[in-house]
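Peer 1: The structure is given below, and queries will be raised subsequently.
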Amino acid sequence: MSASGGTKAILAALAANVGIAIVKFVAAAISGSAAMLAEGVHSLADSANQLLLLLGGRRARRAADQEHPFGHGRERYVYAFVVSIILFSIGGVFSLYEGLEKLREPHPLTNWWLPVAVLVVAIGLEGFSLRTALREARPQKGSQSWVQFVRRAKAPELPVVMLEDTAALTGLVLALFGVGLTVLTGNGVFDAIGTILIALLLIAVAVVLGIETKSLLVGEGASAADVERIRAAVLDGPEVESIVHLKTLYLGPDELMVGMKVAVDGDRRLGDVAAGIDVVEQRIRAAVPIARVIYVEPDVLRTGPRPPTEAIVIRAAD
């Protein structure tokens, strides 16, 4: 996985979530806290999420073949989509079920100090994981806000980990709220309410991640800034007179395809046109390094009388 995949952030989150999940399940079994059980499921889902992201990064590195001539870079989007929809949804629905069951039959907690201690420690560990993800993402974020970074990032791993950790911290606070009020009042309804809030949080994160990764799966083009850099690189020389049309598509988080039709002087020799296109491609790659697949179709720049209307219609259909 490339640096943009945030492997370090994924491994940090995985290590934290595996340990936290085990402790949460033990604490839930001893105390009978539904909120703690929901948090255990949350951490287990997070651990599976990180494993899937690592697997997606590994599979995306496979070389292009006849069936997939543009490579497997989009597998990272597929696994991020699986993370967002299936695992978060399952965790959210399970937690909602547990919360509703506890709301119907509330009961006080036993050994209340154990879930409280676990939640406090888990908040510290999740905070460390989120801090690692933010530090890894900051160079890529640039001047964007964090919301803009999540919405515009082409590598799905860091946004997924960041949203996971943010949801985990929020869920831990909700669980601590439910357990704390249950301990103070002796009323298990607050534990159930905390569990339901955690479930709604998980489902909301699943919806947000699903929307963002769906857009990447469908196919996103380059940002407006990168498109402008590509246009400037194409026209920064005598090889091309103008750009007829230009289209871009991300083949993966670190690979951009650029296709365009350009107008060239009709009096130039074919060899000169081909050499000029090579120069244009070099300038594009220098301006936007992730533009690795480039197709340039030359067209003749017509400066003479306009062709008949029929000819214009035929060319417009091409």
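The values are calculated or read from the model by the stated rules, or taken from the named source; none is laboratory data. Being a predicted model, the structure only gives us computed values, none of them experimental. Heads up, the Cβs are rebuilt from the backbone with ideal geometry, glycines too, and the neighbour counts pull from every protein chain shown.
Residue-wise test of (1) at pLDDT 80 or above; (2) of a type in the set (Asp, Glu); (3) over 24 Å from the mean Cα position of the chain (by Cα).
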site	(1), (2), (3)
Leu37	yes, no, yes
Leu55	yes, no, no
Glu67	yes, yes, yes
Gly91	no, no, no
His107	no, no, yes
Gly124	yes, no, yes
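Peer 1: Now for a different question. What are the residues in region 184-226 that are over 30 Å from Pro115 (Cα atoms), in contact with a Leu (Cβ under 7 Å, 6 or more places away or on another chain) and at pLDDT below 85, if any?
Peer 2: Going through region 184-226, the residues over 30 Å from Pro115 (Cα atoms) turn out to be 210-226.
Cutting the leftovers down to in contact with a Leu (Cβ under 7 Å, 6 or more places away or on another chain) gives us 219, 221-222.
Across region 184-226, the qualifying residue is only Gly219.
Peer 1: Let me ask something else about it. If we keep just the residues of region 255-279 that are touching a strand residue (DSSP E or B) at 6+ places or on another chain (Cβ under 6 Å) and of a type in the set (Val, Ile, Thr), which is surrounded by the fewest Cβ atoms within 10 Å (Cβ to Cβ)? Reasoning before the result, please.
Peer 2: Within region 255-279, the first condition is being touching a strand residue (DSSP E or B) at 6+ places or on another chain (Cβ under 6 Å), and the residues that meet it are 255-266, 273, 277.
With of a type in the set (Val, Ile, Thr) added as a condition, the list becomes 258, 262, 264, 273, 277.
On the way: Val258: 25, Val262: 23, Val264: 20, Val273: 18, Ile277: 20.
Step by step, filter region 255-279, then rank; the result is Val273.
Peer 1: Something else: Criterion first (in a helix (DSSP H, G or I), on the phi < 0 side of the Ramachandran plot and basic (Lys, Arg)) does Arg268 satisfy it?
Peer 2: Details: in a helix (DSSP H, G or I): no; on the phi < 0 side of the Ramachandran plot: yes; basic (Lys, Arg): yes.
So Arg268 does not fit the description; no.
Peer 1: Then there's this: Test Glu136 against the criterion of being surrounded by 16 or more Cβ atoms within 10 Å (Cβ to Cβ), more than 30 Å from Ser31 (Cβ to Cβ) and among the acidic types (Asp, Glu), and give yes or no. Outline the logic, then answer.
Peer 2: Values: surrounded by 16 or more Cβ atoms within 10 Å (Cβ to Cβ): yes; more than 30 Å from Ser31 (Cβ to Cβ): yes; among the acidic types (Asp, Glu): yes.
For Glu136, the condition - surrounded by 16 or more Cβ atoms within 10 Å (Cβ to Cβ), more than 30 Å from Ser31 (Cβ to Cβ) and among the acidic types (Asp, Glu) - is met.
Peer 1: Now, a different point. Count, please, the residues in region 139-175 that happen to be surrounded by 17 or more Cβ atoms within 10 Å (Cβ to Cβ) and of a type in the set (Gly, Ala, Ser).
Peer 2: Residues meeting the conditions: 6.
Peer 1: Residue by residue through region 237-254, note down the ones that are surrounded by fewer than 13 Cβ atoms within 10 Å (Cβ to Cβ) and assigned to a loop (DSSP other than H, G, I, E, B).
Peer 2: Answer for region 237-254, where residues must be surrounded by fewer than 13 Cβ atoms within 10 Å (Cβ to Cβ) and assigned to a loop (DSSP other than H, G, I, E, B): Gly237, Pro238.
Peer 1: Looking at (1) modelled with pLDDT under 75; (2) farther than 15 Å from Leu158 by Cα, which is the one condition that is false for Phe25?
Peer 2: Every listed condition holds for Phe25 apart from (1).
Peer 1: Residues in region 253-278 that are within 18 Å of Pro289 (Cβ to Cβ) and among the β-branched types (Val, Ile, Thr): how many?
Peer 2: Of the residues in region 253-278, 1 are within 18 Å of Pro289 (Cβ to Cβ) and among the β-branched types (Val, Ile, Thr).
Peer 1: Scan region 52-106 for residues that are aliphatic (A, V, I, L, M) and not in a helix (DSSP H, G or I) and jot them down.
Peer 2: Within region 52-106, the first condition is being aliphatic (A, V, I, L, M), and the residues that meet it are 52-55, 60, 63-64, 78, 80, 82-83, 85-87, 90, 93, 96, 100, 103.
Across region 52-106, the qualifying residues are Ala63, Ala64.
Peer 1: Separate question: Considering each residue of region 157-178, count those that are in contact with a Ser or Thr (Cβ under 6 Å, 6 or more places away or on another chain) and of a type outside the set (D, E, K, R), and give that number. Outline the logic, then answer.
Peer 2: Filtering region 157-178 down to residues in contact with a Ser or Thr (Cβ under 6 Å, 6 or more places away or on another chain) leaves 165.
Keeping just the survivors that are of a type outside the set (D, E, K, R) gives none.
So the answer is 0.
Peer 1: A follow-up question, please. Could you list, ordered by first residue, the pairs with Cβ atoms under 6 Å in which the first is in region 107-134 and at positive phi and of a type outside the set (A, V, I, L, M) and the second is surrounded by fewer than 17 Cβ atoms within 10 Å (Cβ to Cβ) and not in a loop (DSSP other than H, G, I, E, B), at least 6 apart or interchain?
Peer 2: Cβ pairs passing all conditions: Asn111/Ile30.
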